[in-house]
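Structure, as C-alpha cells:
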Amino acid sequence: MQATMSFDIPVEYLREAESIPSFWVTSLEEIAARLDADVSKGSVGVLGTSAGGRPIEFVVYGNARAGRGTTTFSGALGCKDIRAYLGPDHAKRVYMAIGGVHPGEFEGIVGIVNLIAVLETGADLRGKPWPDLLAAAQALDRIVLVPVTNVDGRARMAPRMLPHRGTDNAIYQFFGTGGWAPGRNIGWPACKRNIPLDFSTCAFPGGYPNDAGVNLAHDDFFGAGRQPETEALFALTARERPDLILNMHTGAPPRNFYTRMLRPFTEPLLVPVFEDLYRAIHTRLAVAGLQSSADPALEADPAQARPSVFNMNSALSLHCGALSVTIEAPCHAFSGTDRTGKVVACDPDATLDAQLLCHEEAMKFLIAHGGRAAWGPVREETG
Ligand SMILES: [Zn+2]
C-alpha cells in the first residue's frame, strides 16, 4: 500500500503559519469534528470510501429530486428533452460544491466549511453574517457539499496552513505536485505525466493523488480502473442530478492573482450558461474589490476565461448534465501580482470573502436563470 510509505519532507517545509485564524479549518480531523458538532439543519453522510480506505463526508440540505426520469442523460440529449432524464422534479434547483479534489488547495475547503457554518447559523466562522447568501440558499431546493473530495491526499499533508513565503511558491508547490527530491519539485503540469504515480519514484507525491497515485481531476473516467472517489461522485451526482457544481481549487494566475473561474470543456449548449455565470461571479467579485480592478467590463469578460482540458468537470457534466466549473483561488502561502505587475497582498480574510461570494452569486444565478431544465434542451413530445 503506497499510503504507508514514509516520505522525505524537510522539517522547514512542515512549518505551519504562526497564527492560524479560527475560520481556517482544513484538516480532516477538524472538519469531521465541526460537522459532528455543528450540522443540525443539514445532514452529514459518507458518500464513499477513498482508495486508502478513508470515508468521504458530505453534507446535504433541503429536499432531493424525487423519482427518476425515463432515460439516460445522453438519451435526454438525443430526444431533445432534458426533463426525460431529470424526472418529475426537473424544476427543482440543486446546487453542489466540492472542495479538496486537490487537497493541498486549502482555500476551497475553508470556503465550503464556512458555507456550512452560514447555512447552519447565518454567519461564517468569523461571526460575519451572510443574510443574502442564506436567503439564496433557502430559495434553492437542495444543496450538496463535499468539503474534501481527495481525503487520502489531505491525510498525507500535515500542515493546516503554510506560512506566507513572499512570491516564492516552491514549498507550496512541493505539497501540491510533490517532489522527486526536496528542492526538485515534480511541478505543474509535469505532475500529470504520471497517473497513476508510483510513490517509490519520488520523495513526496504531493497532495494531488489519492493513495492509488491518481490525480482525481484526471482519472481514467471511462476505464475499468476508475477510482473509488470518482465512483462515489458519479453515484452521488446520478442520485442528486445537480444543476450546477462549483469545483473549488487554488491556482489563481500568477500575473492576475485573484479568484478566477476557468472555462470548462463541456457541452456546447452549456457554453452560454457558463458565460453568464462567469459574468455574474466576476462582476460581483470586482465590485467587492476582490479582483485586480473594480472594472467589470475588464474582469467579467468571459473571453478571458482560461480554457480547461477534458477533466473531472467534463466527466461530471457529461455524467449528470450539471454545469460543472472550476474556480481557482489565490493561495495563502505566497503572492502573485495584479494585472499591472504589483505584488498582491496575501489576505486570508479576503480569500474567504471571495469564496463565500462565489457561492452566493452562483446560488443567485441558479435562482435567476433556472437550472438544467431551463437551460434545455426542452421539447414537447409530438405525435
Ligand atoms: Zn487544483
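The values are calculated or read from the model by the stated rules, or taken from the named source; none is laboratory data. Note that the coordinates shown come from a computational prediction; the quantities given were computed from them, not determined experimentally. When we count neighbours, we look across all protein chains shown, and the Cβ atoms used for this are built from the backbone with ideal geometry, even at glycine. With ligands, DNA and RNA removed, areas are computed over all heavy atoms of the protein, side chains included. Shrake-Rupley method; radii C 1.70, N 1.55, O 1.52, S 1.80 Å.
Some observations on this one:
- Residue check, residue 378 surrounded by fewer than 16 Cβ atoms within 10 Å (Cβ to Cβ), more than 16 Å from the ligand (Cβ to nearest atom) and in contact (Cβ under 8 Å) with a residue 12 or more places away in the chain: yes
- Options 116, 112: the member that is part of a helix (DSSP H, G or I) and either over 20 Å from the mean Cα position of the chain (by Cα) or within 16 Å of the ligand (Cβ to nearest atom) (or both): 112
- In the set 129, 189, 147, only one residue is open to solvent by 50 Å² or more (accessible area, probe 1.4 Å) and within 16 Å of the ligand (Cβ to nearest atom); that residue is 189.
- Inter-residue pairs, beta-carbon under 8 Å, first over 18 Å from residue 175 (Cβ atoms) and in the stretch 14-35, second of a type in the set (Gly, Ala, Ser) and open to solvent by 40 Å² or more (accessible area, probe 1.4 Å), 6+ apart: none
- Per the conditions (1) modelled with pLDDT under 95; (2) touching a helix residue (DSSP H, G or I) at 6+ places or on another chain (Cβ under 8 Å), the sole criterion not satisfied by residue 1 is (2).
- Number of positions in the stretch 339-369 that are over 21 Å from the mean Cα position of the chain (by Cα), of a type outside the set (D, E, K, R) and modelled with pLDDT of 95 or more: 6
- Just one residue in the set 93, 160 is basic (Lys, Arg) and either without any contact (Cβ under 8 Å) to a residue 12 or more places away in the chain or in contact with a Ser or Thr (Cβ under 9 Å, 6 or more places away or on another chain) (or both); that residue is 160.
- Residues satisfying the stated conditions in the stretch 54-89, i.e. of a type in the set (Gly, Ala, Ser) and assigned to a helix (DSSP H, G or I): 74, 75, 76, 78, 84
- For the criterion of being under 30 Å from residue 378 (Cα atoms), of a type outside the set (A, V, I, L, M, F, W, C) and buried (at least 16 other Cβ atoms within 10 Å of the Cβ), residue 38 fails.
- Residue in the stretch 240-256 that is assigned to a helix (DSSP H, G or I), open to solvent by less than 30 Å² (accessible area, probe 1.4 Å) and more than 16 Å from the ligand (Cβ to nearest atom) present: yes
- Of all the numbered requirements in (1) away from the ligand (no atom under 16 Å from the Cβ); (2) touching a strand residue (DSSP E or B) at 6+ places or on another chain (Cβ under 6 Å); (3) not in a loop (DSSP other than H, G, I, E, B), residue 282 misses one, and that requirement is (2).
- From the options 87, 75, 69, residue that is free of Cβ contacts under 8 Å to residues at least 12 places away in the same chain and farther than 20 Å from residue 112 by Cβ: 75
- Summed over the stretch 266-310, the residues that are surrounded by 15 or more Cβ atoms within 10 Å (Cβ to Cβ) and under 17 Å from residue 249 (Cβ atoms) give a count of 10.
- Among (1) open to solvent by 70 Å² or more (accessible area, probe 1.4 Å); (2) outside any loop (DSSP other than H, G, I, E, B), the one test that residue 326 misses: (1)
- Residue 313, sole failed condition from (1) among the polar types (S, T, N, Q); (2) buried (at least 19 other Cβ atoms within 10 Å of the Cβ); (3) more than 15 Å from the ligand (Cβ to nearest atom): (3)
- Of the residues 217, 203, 136, 155, the single one that is closer than 21 Å to residue 11 by Cβ, within 21 Å of the chain's Cα centre (by Cα), of a type in the set (A, V, I, L, M) and surrounded by 15 or more Cβ atoms within 10 Å (Cβ to Cβ) is 155.
Yes/no per residue for (1) in a helix (DSSP H, G or I); (2) touching a His at 6+ places or on another chain (Cβ under 6 Å); (3) surrounded by 15 or more Cβ atoms within 10 Å (Cβ to Cβ):
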{"residue": "318", "(1), (2), (3)": "yes, no, yes"}
{"residue": "331", "(1), (2), (3)": "no, no, yes"}
{"residue": "341", "(1), (2), (3)": "no, no, no"}
{"residue": "346", "(1), (2), (3)": "no, yes, yes"}
{"residue": "356", "(1), (2), (3)": "yes, no, yes"}
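- Verdict on residue 182 being open to solvent by 10 Å² or more (accessible area, probe 1.4 Å), modelled with pLDDT under 95 and not hydroxyl-bearing (Ser, Thr, Tyr): yes
- Checking residue 141 against (1) within 16 Å of the ligand (Cβ to nearest atom); (2) acidic (Asp, Glu); (3) touching a strand residue (DSSP E or B) at 6+ places or on another chain (Cβ under 6 Å), the condition it does not meet: (1)
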